[in-house]
Amino acid sequence: MPAAFDGALDSGLTDLGVELSRADRAAIEGHVRLLLAWNAAINLTAIRHPADVALGHVVDSLTALPLLRKRGVDRFIDLGSGGGFPGLPLAIALPAARALLVESVAKKVRFLDTVADAVELGGRVETYPGRAETLARDPIHRERWPAVTARAVASLAGVAELAFPLLEPGGIVVAWKRGDIDAELAAAQRALAPLGGGTLDTRAVAVRSLRGHVLVLIRKDGRTPDAFPRDPARRRRSPW
């Protein structure tokens, strides 16, 4: 990777107080190389310069790493993984015992599988080629996971409705947001009680070059009723 990539990554990791092993860094670089190589064919990202990918995707993804490490999370579901952010960098850096990347677009699933094989994530990273609503109906996954991540997926209320059926009581959602999110926070707060109860917390991102970015932590308290998540059409008709 060019020196600009290394510089941007080093700066962001320093701000986060995070160190990566040589092997983890090589795996992340391998992911980015494949992202840039595949991007022209399947449009995985609008960010094309390696240094911008380092900051805007890799470092942004890793802003959740200290929180997940502090909670001892080593298994998580990533909703709408797309080009693999935040799921792949987090799976590499935790290191995750198991990460399930949920993506409904088949060509993106092929990309994620290719990356996982290429950077030797072995059986630790799996893909689910479908929608979160379908996954949430599977008793193998329903209320079985300690954490769900979601970056550029939906509104906070929408994320909560998709994630809570997959979370075990006491589990957390980590959602990436930026800008004015007051209306989203209010809607998400209204959604929590029907979904099983929980709390919302926002954390400003410590990276100087990501000013205005926040992580929203949503903790689930109780069981989620079987009626959730609703299908997309019903969610559109009756937003929180």
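The values are calculated or read from the model by the stated rules, or taken from the named source; none is laboratory data. Given the structure is predicted, the values throughout are model-derived calculations rather than measurements. Quick reminder, even Gly has a Cβ in these numbers, built from the backbone with ideal geometry, and neighbours come from all protein chains shown. Surface accessibility is based on the protein's heavy atoms, side chains included, excluding ligands, DNA and RNA. Shrake-Rupley method; radii C 1.70, N 1.55, O 1.52, S 1.80 Å.
Things worth noting here:
- Search result, residues across the range 207-236 that are assigned to a strand (DSSP E or B) and without any contact (Cβ under 8 Å) to a residue 40 or more places away in the chain: V214
- Residue check, I77 in contact with a Phe, Trp or Tyr (Cβ under 9 Å, 6 or more places away or on another chain) and at pLDDT below 95: no
- Positions within the range 36-56 being surrounded by fewer than 24 Cβ atoms within 10 Å (Cβ to Cβ) and either touching an Asp or Glu at 6+ places or on another chain (Cβ under 7 Å) or in a helix (DSSP H, G or I) (or both), in sequence order: L36, A37, W38, N39, A40, A41, I42, P50, A51, D52, L55, G56
- Test: residue in the range 229-239 that is surrounded by 15 or more Cβ atoms within 10 Å (Cβ to Cβ), out of contact with any helix residue (DSSP H, G or I) (no Cβ under 8 Å at 6 or more places or on another chain) and not aliphatic (A, V, I, L, M): no
- When each of A54, A8, A40, A46 is tested for being out of contact with any Ser or Thr (no Cβ under 7 Å at 6 or more places or on another chain) and over 29 Å from V173 (Cβ atoms), the lone residue that passes is A40.
- Residue tally, condition assigned to a loop (DSSP other than H, G, I, E, B) and either closer than 21 Å to P165 by Cα or open to solvent by 10 Å² or more (accessible area, probe 1.4 Å) (or both), over the range 64-74: 4
- Residues in the range 198-220 that are over 24 Å from L166 (Cβ atoms) and open to solvent by 20 Å² or more (accessible area, probe 1.4 Å) were compared, and the one that is modelled with the lowest pLDDT is A206.
- The C-beta contact set for the range 183-196 (first residue free of Cβ contacts under 8 Å to residues at least 12 places away in the same chain, second residue of a type outside the set (S, T, Y) and open to solvent by 20 Å² or more (accessible area, probe 1.4 Å), distance under 8 angstrom, 6+ apart or interchain) comprises Q189/L200.
- Being surrounded by 15 or more Cβ atoms within 10 Å (Cβ to Cβ) and in a helix (DSSP H, G or I) is not true of I77.
- Restricting the search to strands (runs of 3 or more DSSP E) fully inside the range 82-197 and requiring at least 3 residues that are open to solvent by less than 50 Å² (accessible area, probe 1.4 Å) gives 98-102, 145-151, 167-178.
- For the range 14-24, the condition holds for at least one residue, the condition being that it is hydrophobic (A, V, I, L, M, F, W, C), surrounded by fewer than 22 Cβ atoms within 10 Å (Cβ to Cβ), more than 15 Å from the chain's Cα centre (by Cα) and not in a loop (DSSP other than H, G, I, E, B).
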